1. Restricting to DSSP H runs of at least four residues, report the calculated mean residue ellipticity at 222 nm for the chain, -39500 (n - 2.57) per run over all residues, nearest 500 deg cm²/dmol.
2. Taking the Cα of LEU19, stepping 7 Å toward and past its beta carbon, and measuring to each backbone N in region 50-67: which are under 20 Å?
3. Kirkwood-based Rg over Rh for the chain (C-alpha set), two decimals?
4. Using 0.36 nm per residue of separation minus the Cα-Cα distance, give me the extension gain between GLN27 and VAL3 in nm, one decimal.
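Each value in this text was obtained by applying a stated rule to the coordinates, not by laboratory testing. Because the structure is predicted, anything quoted here is derived from the model rather than measured. When we count neighbours, we look across all protein chains shown, and the Cβ atoms used for this are built from the backbone with ideal geometry, even at glycine.
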Amino acid sequence: MPVRGWIEVNQIYCKGCELCIAECPQQVLSLDMDHLTPKGYHPVHLVKDGCTGCAICAIVCPEAALTVFRETPLRATPLRTAAGA
Ligand code: SF4
Ligand code: SF4
């Protein structure tokens with residue numbers, strides 16, 4: 001199962017510079033042309049599935065406007081030990 005990630009965009013800090021869009025290896029980011037930030041910029045947003053949570057977007061963002069989340073699969077745990085019981 002592919003790793004799933006997602007982002008949150010701080011609307012106060014994002015200035016729509018598109019650096020994160022250019023660097024996203026999955027090409028899942030775009031500017032949200034339907035919204036403006038309080039400062040009057042179109043903020044970035046996720047436009048499709050495929051984010052892996054790699055955090056490259058957050059690293060390149062000059063405004064530290066992005067928080068990246070990554071889903072971690074639950075680790076399988078044995079119901080009983082090899083010793084029995
Ligand atoms: S999140 Fe950061 S890198 Fe992306 S458009 Fe906004 S300011 Fe630029
Ligand atoms: S975490 Fe990685 S895949 Fe997800 S939007 Fe950011 S750069 Fe793209």
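1. On the way: 2 runs with 10 residues, N = 85.
Rounded to the nearest 500, the figure is -2500 deg cm²/dmol.
2. Backbone N within reach: 53-67.
3. Reported Rg/Rh (Cα atoms, Kirkwood Rh): 1.24.
4. On the way: separation 24, 0.36 × 24 = 8.64 nm, distance 1.55 nm.
Contour length minus Cα-Cα distance gives 7.1 nm.
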